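J.: Okay, here's the structure, questions in a sec.
The values are calculated or read from the model by the stated rules, or taken from the named source; none is laboratory data. Bear in mind that the values here come from a model prediction, so they are computed numbers and not experimental data. Cβ coordinates were reconstructed from backbone atoms using ideal geometry, including for glycine residues, and neighbour counts include every protein chain displayed. To get the accessible areas, we keep the full protein, side chains included, count just its heavy atoms, and leave off ligands, DNA and RNA. Shrake-Rupley method; radii C 1.70, N 1.55, O 1.52, S 1.80 Å.
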Amino acid sequence: MTQRYANIIGWGKYVPSRVITNADLEKTLDTSDEWIFTRTGIRQRHVVSPDEYTSTMATAAAEEALESAGVRARDLGLIIVATSSPDYLTPPVSSQVQHALGAKDVGAFTLVAGCPGFVYGLATAQQFIVSDACDNVLVIGAELISRYTDWNDRATAVLFGDGAGAAVLQVGDEPSGVLSYVLGSDGSGAEHLILPGGGTVAPPSQETLDQGLHYLRMNGRQIFRFATRVLGKALHQAIQQAGLTTDDIDLFVPHQANSRIIESAARYVGLPREKVFINIEQYGNTSAASIPIAMCEALEQGRIKTGDTVAFVAFGAGLTWASAVVKLGEPSMPTPISRLRLSLPSRLFDPITRVTRTTSAGLMKALAGCLALITALRRRGAKRRKDDG
Ligand code: COA
């Protein structure tokens, strides 16, 4: 069997239009634009309107990714939604997204791994593709943290934002796509980033509400220490596992949690500033959505293109971390043929695809036969000339 690779061939993002700036937060919190920007790199964050949910953002990002990949939702083999802020505890938000996309009967699950959830999703998708279980997998990172934020808590309110990003991975036979990944977890630091209420330990009650246990709580200093300890190392491991060096990385697209943490990881592996993508200024920390949103922006801005090698690294609640090295695959924009395929019902297009495939396979066989015949005739001629001479 030929080696199978998992290429990222399409990408999309969705960010709510409503913006809350640091200046807006200054009006309600004991904070300042200067403090937030110098400590984190954040100037503003996007926040949903009342009629938006994690599923609606995830679906919008996924639709854009499928369009750019030229893949129909019903041709997906699997949908993975990485999130820690689902619409409901159950049913899984992945099934709502699957239904909204019209991906009839396609398997879907929600992956909870904190902010590195999207990178965990890429690793999972790669495994499904290289093992021949699926040809096309959709990975989405979507978070709506503003509804779990205590807007009176300056330790968390200034950091997070809402959004979603998605990627379509497809099987390929060239050595590209997800080249390596590293996944890590250390549950001993669980209490440093936690939403204490609403689960089985502290089910929702008047008491949990009164104590504000339904809001995200964070020990920023501990998380900062943890992040600077694991991030550079995880990035270095992924680059090594891919058989590459830092010089081979065209762009570093890290989880956008804090610009100082990002710079420390880049320094650890010796990546220069111009090879680091940072957009935290506009979005804040969108958790599992931050890497796919940043990847989309890097592509839109021409910072990366097909054939480039990108390194991802993230850390978050769990505590968890993950890194990956990816060589970007096929063109992102739909080709005329994929547009046609998207616009036609499968019962019309599939026979055309089959005929094209059979015809081209037949032509290739005939061409190979002709080449073999020409080579044999030339060899025989050369032998005869040698014998005559
Ligand atoms: N505005 C103004 N002052 C604030 C503040 C805010 N929003 N939040 C905290 N402070 C104050 C603190 O109370 C403290 O005051 P004190 O010195 O009088 O006690 C001071 O600023 C310094 O606090 P500290 O927590 O030491 O700041 P820091 O340099 O560690 O920066 C974070 C705080 C949160 C920006 C930083 O720790 C961080 O980014 N941690 C990682 C968080 C993260 O990435 N979480 C998501 C994981 S996915």
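J.: Out of everything in the range 126-157 that is crowded, with 24+ Cβ neighbours inside 10 Å and β-branched (Val, Ile, Thr), what residue ends up being farthest from ALA289 (Cα to Cα)?
T.: ILE129
J.: Select, from SER94, SER55, SER68, SER49, the only residue that is over 23 Å from ASN258 (Cβ atoms) and surrounded by fewer than 18 Cβ atoms within 10 Å (Cβ to Cβ).
T.: Just a single option satisfies the conditions, and that option is SER49.
J.: Would you check which residues across the range 229-245 are surrounded by fewer than 19 Cβ atoms within 10 Å (Cβ to Cβ) and either under 26 Å from SER84 (Cβ atoms) or touching a strand residue (DSSP E or B) at 6+ places or on another chain (Cβ under 9 Å) (or both) and list them?
T.: Answer for the range 229-245, where residues must be surrounded by fewer than 19 Cβ atoms within 10 Å (Cβ to Cβ) and either under 26 Å from SER84 (Cβ atoms) or touching a strand residue (DSSP E or B) at 6+ places or on another chain (Cβ under 9 Å) (or both): ARG229, LYS233, GLN237, GLN240, GLN241, GLY243, LEU244.
J.: Only one residue in THR2, THR21, THR59, THR31 is within 21 Å of ASN285 (Cβ to Cβ) and in contact (Cβ under 8 Å) with a residue 40 or more places away in the chain, so which one is that? First the steps, then the outcome.
T.: On the way: THR2 fails: within 21 Å of ASN285 (Cβ to Cβ); THR21 fails: in contact (Cβ under 8 Å) with a residue 40 or more places away in the chain; THR59 fails: within 21 Å of ASN285 (Cβ to Cβ).
Testing whether each residue is within 21 Å of ASN285 (Cβ to Cβ) and in contact (Cβ under 8 Å) with a residue 40 or more places away in the chain leaves just THR31.
J.: Among the numbered criteria (1) crowded, with 17+ Cβ neighbours inside 10 Å; (2) over 22 Å from THR40 (Cβ atoms), which one does HIS255 miss?
T.: Here HIS255 clears every test but (2).
J.: Can you pull out the residues in the range 264-294 that are modelled with pLDDT under 95 and within 14 Å of the ligand (Cβ to nearest atom)?
T.: SER264, ALA265
J.: While we're looking at this one, here's another question. For residues in the range 112-125 being open to solvent by 20 Å² or more (accessible area, probe 1.4 Å) and within 16 Å of the ligand (Cβ to nearest atom), which is nearest to VAL168 (Cα to Cα)?
T.: So, considering only residues that are open to solvent by 20 Å² or more (accessible area, probe 1.4 Å) and within 16 Å of the ligand (Cβ to nearest atom), the one nearest to VAL168 (Cα to Cα) is TYR120.
Quick grid of which residues meet (1) among the β-branched types (Val, Ile, Thr); (2) part of a loop (DSSP other than H, G, I, E, B); (3) in contact (Cβ under 8 Å) with a residue 40 or more places away in the chain:
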residue: ALA234; (1), (2), (3): no, no, yes
residue: ILE239; (1), (2), (3): yes, no, yes
residue: ALA265; (1), (2), (3): no, no, yes
residue: ILE278; (1), (2), (3): yes, yes, yes
residue: ILE291; (1), (2), (3): yes, no, yes
residue: ALA294; (1), (2), (3): no, no, yes
residue: GLY302; (1), (2), (3): no, yes, no
residue: LYS305; (1), (2), (3): no, yes, no
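J.: With the condition being of a type in the set (Val, Ile, Thr) and within 27 Å of LEU231 (Cα to Cα), I'd like the helices (runs of 4 or more DSSP H) fully within the range 26-126 carrying at least 3 qualifying residues. First the steps, then the outcome.
T.: Details: elements: 33-40, 54-69, 93-101.
Correct list: 33-40.
J.: Among (1) farther than 30 Å from ARG147 by Cα; (2) away from the ligand (no atom under 16 Å from the Cβ), where does ALA234 come up short?
T.: Among (1) farther than 30 Å from ARG147 by Cα; (2) away from the ligand (no atom under 16 Å from the Cβ), ALA234 violates only (2).
J.: So, of the residues in the range 197-221 that are assigned to a loop (DSSP other than H, G, I, E, B) and open to solvent by less than 60 Å² (accessible area, probe 1.4 Å), which turns out to be nearest to LEU144 (Cα to Cα)? Break it down into steps so the answer makes sense when it comes.
T.: First pass over the range 197-221, keeping only residues assigned to a loop (DSSP other than H, G, I, E, B): 197-205, 211-216, 219.
With the extra rule that they be open to solvent by less than 60 Å² (accessible area, probe 1.4 Å), the set shrinks to 197-199, 202, 205, 212-213, 216.
On the way: GLY197: 17, GLY198: 16, GLY199: 18, ALA202: 21, SER205: 22, GLY212: 18, LEU213: 17, LEU216: 12 Å.
This residue is LEU216.
J.: Here are PHE160, PHE252: which of them is away from the ligand (no atom under 14 Å from the Cβ) and within 25 Å of the chain's Cα centre (by Cα)? Step through it out loud before you land on a result.
T.: On the way: PHE160 fails: away from the ligand (no atom under 14 Å from the Cβ).
The match here is PHE252.
J.: Quick one: in the range 21-30, of everything that is surrounded by fewer than 17 Cβ atoms within 10 Å (Cβ to Cβ) and not hydrophobic (A, V, I, L, M, F, W, C), which residue is nearest to the ligand (Cβ to nearest atom)?
T.: Only one residue fits best here, namely ASP30.
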